[in-house]
Amino acid sequence: ATILLVWKCARMLGRDPVAAIALAGLNPVVLVWGLGGDHNDFLMVFCVVLGFYLMLRARERSGVAAELARLAAGKPARRARGLPARALALVLPLSALDMGGGAAFVTAVALKASAAVLIPVALAAVARAPRRLVQTALGMLLWGAALAFASLIAFGLHIPDLSTQSQLVTSLSVPNLLGLLLGLGGESAGLRSLMDATLLGAVAVCCWALWSRGRGRGPRLGAVAGPAAADAESGEARAITAAGWASMALLLTLSWVLPWYVVWVLPLAALSSSRRLRTGALLFGVYLIVVWAPASQSVWNAIGFHPEKTQLGRVHQRFVKELLD
């Protein structure tokens, strides 16, 4: 289903759909660790891609509706007068596509909290279209409330223990390797806080760049065919690139990284116009293959590389074992 949506999105964006689905679906990490393990990350990513698909559909429909209204009236439609009338025009009539897009992103977060970094990006994508922003936020709020109620019925007041999960560390994650390089013996609490701040900053930069490009200013997130192509890109197309970079920032700052997590960024990179994002996603996939391949342990043993045997590494391993037991 995700590959089908990637195909449809690629066609709407003017991308090569074959190249897009090949990048998103034929990555060895996806085929071996992902499909082989039947992980819930695939459900999360499906909802993310569905959200962007519905946003693209909503943009097409709003553009057609505006053009039909202009032709019927022979001139631009008049704005509703008065604050109550303008506020009501933002809410009614409801837009199923925009609300559905918002609901899809919230569902992704409900399936896996990692998708929360994409919520501000999705809102920034429609921030310059007040009605679409309201409709998307309304979809997020209403469906989020429905999911929270369903969770309350199913699980009571229990919520995911994200504070405990955030302390889990894989020995060859980027933050842990950085901690080794700095002589800390691995990822310390202070370094984890620095990584969290870096992630928040990266998401903020992505949203600011998306907002600024909507005004014809600000930095470009990646490279496209040329300046004219960058200006011609829709807010949704730029949002896909911004979401891809936000996902890459999450992967690079996350202390607990598993091979199939690369699926978080692959569909976004496949649909983006950014060559840098696609290259980064592929290189990160190669890195995950190298560090998680069964034969890699023999290489680490041969060169005497044992990050799990430092003092901090033993603490991390003991914490994971206690949780598993």
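Note on ALA154 and LYS321: with the Förster distance fixed at 35 Å, the Cβ-Cβ geometry gives a FRET efficiency of about 0.75.
May I ask you to derive the relative contact order of the chain, considering only C-alpha pairs under 8 Å and at least 6 residues apart, and to give it as an integer percent? Write down the numbers at each step before the final one.
Details: 400 pairs, mean separation 71.7, N = 325.
Taking the mean separation of contacting Cα pairs over the length of the chain, I get 22 percent.
With +1 on the Cβ of every Lys and Arg and -1 on the Cβ of every Asp and Glu, and nothing else charged, how large is the dipole of the chain about its Cα centre, in debye rounded to the nearest 20?
Working: 29 positive and 15 negative charges, 326 e Å.
With Lys and Arg at +1 and Asp and Glu at -1, about 1560 debye.
Counting only protein heavy atoms, what percent of the accessible surface of the chain is carbon or sulfur at a 1.4 Å probe? Numbers along the way, then the final one.
On the way: 11440 of 16990 Å².
Carbon plus sulfur share of accessible area: 67 percent.
Taking a probe of 1.4 Å, how large is the accessible area per residue of the chain, in Å²? Intermediate results must be reported in sequence, preceding the final value.
Working: 16990 Å² over 325 residues.
Value returned for the chain: 52 Å² of accessible area per residue.
For the set HIS158, HIS306, the ranking by accessible area, highest first and with no ligand, DNA or RNA atoms included, is HIS158, HIS306 under a 1.4 Å probe.
Site pair ASP16 and LEU194 shows an inter-label distance of 4.1 nm when each label is modelled 7 Å from Cα along Cα→Cβ. On the basis of the beta-carbon distance and an R0 of 30 Å, ARG131 and LYS8 show a calculated FRET efficiency of 0.80. In this simple spin-label model, placing a label point 7 Å from the Cα along the Cα-to-Cβ direction at both GLN297 and VAL32 gives a separation of 1.5 nm.
The values are calculated or read from the model by the stated rules, or taken from the named source; none is laboratory data. Computed from a predicted structure; not experimentally measured. Because the Cβ atoms are built from the backbone with ideal geometry, glycine has one as well, and the counts that use them run over all protein chains shown. Note: accessible area is taken over every heavy atom of the protein model, side chains too, but ligands, DNA and RNA are not part of it. Shrake-Rupley method; radii C 1.70, N 1.55, O 1.52, S 1.80 Å.
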